[in-house]
Structures are given as C-alpha cells and as structure tokens.
C-alpha cells in the first residue's frame with residue numbers, strides 16, 4: 001500500500017509539472033486573471049487621428065481598437081488595425097452630445113482603416129489578405145455615416161461601408177456610452193467577403209491548401225471626443 005501511495009504521488013507530481021511547463025510555454029501568468037488581460041488582437045491602435053481634411057467636431061481617441069476575425073479550413077485568425085482615423089461633426093456644434101446623439105444630431109462621421117496596418121501574426125496571411133482586398137488600388141476600409149439614433153444604450157447607425165472599392169449600405173448597432181465630452185462605441189459587425197466582391201484568400205502548401213471562409217466579423221471599440 002505504501003509503494004502504491006508513493007507511486008501515485010509521483011505520477012501526480014509529474015502531471016502538475018507538465019501542466020506548469022505547458023502554461024509557461026503559452027506565456028500565461030496567474031496575474032492575468034486579476035489584470036483582466038486582453039488578447040493580442042484587442043490591442044489599441046498605435047496611431048489614431050482625424051480623417052484627412054476633416055475639421056472641427058469630434059476625433060478618434062487613443063485606446064480605440066478594431067480587429068477583423070475570420071475562420072479557415074485550418075483555424076480561426078484575427079487581424080488588428082494598428083492605425084485608425086475617425087472624425088465626426090455635430091449639426092449643432094454647441095449642442096449637448098448626449099442629447100444630439102438621441103436626435104440624429106450628427107452631421108457627418110467617418111471611420112477609416114488603412115489596410116497596410118491591418119495585420120495578423122502570420123505574414124503569409126497578411127500578404128494574401130491584402131491582395132484579396134485589392135489594397136494597392138483601394139488602400140482603406142471606410143465607413144461613412146448617413147444617420148443615427150440612440151435608444152436604450154444602443155445606437156442605430158445607418159451608413160455606407162466601402163471595402164475593396166465596393167460600397168454597400170450597412171446598419172451598425174453598437175453599444176453606446178455618451179457623456180458631455182465623449183462618446184464610446186463598442187460592437188461587432190458580421191460581413192460576407194463576397195458581398196464586396198472579395199474572394200476569400202487561400203494558400204497552397206505541399207500537401208494541402210488552406211482557404212478562408214466567406215464570413216468575417218469586424219470588432220470595434222472606439223471613443224470620439226472634441227478635437228483639442
């Protein structure tokens with residue numbers, strides 16, 4: 001019985017050591033549970049600013065992020081935007097921001113993603129994705145607002161989205177938090193690449209090929225505030 005107990009303890013010790021080693025290899029730290037860590041692709045854009053030629057009003061703030069997530073025949077993938085440009089102008093610049101949002105008080109709003117800064121952790125995927133999106137001919141993804149209303153903490157934002165040179169009407173439904181000085185929008189938008197005449201990228205290997213699915217999701221968490 002004593003030998004059996006010692007043997008069981010030894011096996012358990014090996015299992016714990018293996019688990020610790022696996023967590024160490026994955027880069028996991030116990031402190032992450034307390035810190036509320038985010039995935040790498042939820043990283044805030046390194047560069048934010050107003051859309052070129054837009055003057056006054058609200059501009060995108062530091063801490064904003066956007067990433068694309070899709071699936072493939074191998075695994076899911078994400079692409080984070082390291083640069084985001086955004087501007088908005090109220091119909092009445094002196095109006096209270098919270099009241100203006102509830103009454104379609106935004107005159108214009110644009111959010112632009114330069115494609116060259118939209119990257120995953122795999123350079124091969126980036127190259128194929130940029131080719132599929134016709135990045136050389138159409139270097140940005142752009143959303144332009146037509147109208148918006150807010151009810152129950154949710155914004156209904158109708159506008160146009162341009163990808164790979166193709167523009168389609170779209171309705172975004174982000175959660176919204178507004179104060180007198182800023183507006184925070186957070187949401188997920190599902191899209192099909194084929195709706196923008198984009199052929200899902202693929203890569204051929206020696207023994208197989210990897211193809212991305214048609215469906216993708218755009219995750220965004222952005223904040224606008226008055227330009228300084």
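Could you please find all residues in the range 128-141 being in contact with a helix residue (DSSP H, G or I) (Cβ under 8 Å, 6 or more places away or on another chain) and assigned to a helix (DSSP H, G or I)?
Hits for the range 128-141 are 130, 132.
Would you say residue 100 is within 15 Å of the chain's Cα centre (by Cα) and either surrounded by 15 or more Cβ atoms within 10 Å (Cβ to Cβ) or under 22 Å from residue 135 (Cβ atoms) (or both)?
no
Which one is farthest from residue 93 (Cα to Cα) among residues in the range 142-187 that are modelled with pLDDT under 95 and not in a strand (DSSP E or B)?
In this case the residue turns out to be 152.
The conditions are (1) within 24 Å of the chain's Cα centre (by Cα); (2) modelled with pLDDT under 90; (3) over 19 Å from residue 189 (Cα atoms), and residue 72 fails exactly one of them. Which is it?
(3)
For the subset of the range 201-228 comprising residues that are surrounded by fewer than 19 Cβ atoms within 10 Å (Cβ to Cβ) and not in a strand (DSSP E or B), which member is nearest to the chain's Cα centre (by Cα)?
Going through the qualifying residues, I end up with 227.
Any idea which of 136, 142, 192 is touching a residue at least 24 places away in the same chain (Cβ under 8 Å) and either more than 20 Å from the chain's Cα centre (by Cα) or over 23 Å from residue 83 (Cβ atoms) (or both)?
Numbers: 136 fails: touching a residue at least 24 places away in the same chain (Cβ under 8 Å); 142 fails: either more than 20 Å from the chain's Cα centre (by Cα) or over 23 Å from residue 83 (Cβ atoms) (or both).
Only one candidate qualifies: 192.
State which residue is farthest from residue 148 (Cα to Cα) when the search covers only the range 103-130 and only residues that are in contact (Cβ under 8 Å) with a residue 60 or more places away in the chain and loosely packed, with under 14 Cβ neighbours inside 10 Å.
Restricting to residues being in contact (Cβ under 8 Å) with a residue 60 or more places away in the chain and loosely packed, with under 14 Cβ neighbours inside 10 Å, the top hit is 124.
The values are calculated or read from the model by the stated rules, or taken from the named source; none is laboratory data. If you're wondering where the values come from, they're calculated on a predicted model, not measured in any experiment. All Cβ positions, even for glycine, are placed from backbone atoms using ideal geometry, and neighbour counts span all protein chains on display.
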